[in-house]
Amino acid sequence: MERRKFFKAVGLVTAAAYVSPRIFGNNQVQVKASGIEGVPAPEFPPLPFAYDALEPYIDARTMEIHYDKHHRAYYTNFINAVKGTALEGKPLSEIFSTISKQTDAVRNNGGGYYNHLFFWKNLGKGSSGPSNDLSSAIVKSFGSVDKFKEAFNTAAKTRFGSGWAWLYLGTDKNLTVASSPNQDNPLMDISPVKGTPLLTIDVWEHAYYLKYQNKRPDYIDAFWNVVNWDEVNTRYQVAVKG
Ligand code: MN3
């Protein structure tokens, strides 16, 4: 990257880090623009773990294609879609809050870029489980942690075609589970499910077909072995304070 562009990018990231929580449009979702909801990275961000890190639950070949082909394409197409427009250099949270007014290219590729960034961060091995605070909130909303997992699994299994299932803190401050089609997410003003996302699973066939073929439920069951609860707990803490 040339120096001028580099400093421009760093300047935007730094500025975005100090944006306080805001309510965007009619979306009523508060998110700090300093995380992955902030200004798009100037370069395609690295995968936070090795391709084989989630074996045997998610295989290395699937991870490689998913990250290096699918996710990279969303990133590149999104950057190209906003280049030279009023959206260039804007935080993703702000773009999503007005997504109903944007092109399909921005909606699909922006969603695809963000949702995968989010998904990688909520995957990993070795974390213990939901924090006490998050557990209490889950029990309050779903009755028990098992019932929450059941609701999440149902949302993931019954999403027709391609999409995502989410645990999110709704605008009413209750934990909710729902699914979204294609590359939509709860930060989008166009989405019937709105809130701050805490946990997600990609149920597009490209996320599991090499290993699980048509057995989406087996992939969803395996997913629980590689949830990075540390990330989910942190997101919950930030979301309730927001
Ligand atoms: Mn995917």
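Here, each number is a calculation from the coordinates, and none is a lab measurement. Fair warning: this is a prediction, and the values are worked out from it, not measured in the lab. Cβ sites come from the backbone with ideal geometry, for glycine too, and all protein chains shown count toward neighbours.
Just a few scattered comments:
- Taking amide H as placed 1.01 Å from N in the peptide plane, Leu175 has its amide H under 5 Å from the amide H of Gly170, each at least 5 places away in sequence or on another chain.
- Within the same chain, lysines fewer than 8 places from Lys90 are excluded, and of the rest, those with a Cα less than 24 Å from its Cα are Lys5, Lys8, Lys32, Lys101, Lys121, Lys194, Lys241.
- Measuring gaps between exposed loop sites in the chain (trypsin sites (Lys or Arg not before Pro); DSSP loop; at most 13 other Cβ atoms within 10 Å), the longest gap, sites not included, is 1-82.
- Mean separation of Cα contacts under 8 Å (6+ apart) over length of the range 23-170, as relative contact order %: 23 percent
- Coupling constants for the range 80-85 follow from the phi torsions by the Karplus curve (6.51 cos²θ - 1.76 cosθ + 1.60, θ = phi - 60°), and in residue order they are 5, 5, 9, 4, x, 9 Hz; glycine and proline get x.
- Near the amide H of Leu199, within less than 5 Å, lie the amide hydrogens of Leu167, all on another chain or at least 5 residues away, with H placed in the peptide plane.
- Shape of the range 104-202, Cα gyration tensor, a/c cut at 1.5: prolate
- For the range 182-199, the Karplus equation 6.51 cos²θ - 1.76 cosθ + 1.60, evaluated at θ = phi - 60°, returns couplings of 6, 10, 6, 8, x, 8, 7, 5, 7, 7, x, 9, 10, x, 9, x, 10, 8 Hz by residue, with Gly and Pro reported as x.
- Charge dipole of the range 97-197 about the Cα centre (unit charges at C-beta), most positive-ward option of Gly124, Gly110, Val193: Gly124
- Between Lys157 and Phe49, the simple label model (points 7 Å from Cα in the Cβ direction) yields a spacing of 2.4 nm.
- Dipole magnitude for the chain: about 560 debye, using +1 per Lys or Arg Cβ and -1 per Asp or Glu Cβ, origin at the Cα centre.
- Sequence-ordered 3J(HN,Hα) estimates for the range 93-99 from the Karplus curve with 6.51, -1.76 and 1.60 and θ = phi - 60° stand at 4, 6, 5, 5, 6, 10, 5 Hz, glycine and proline given as x.
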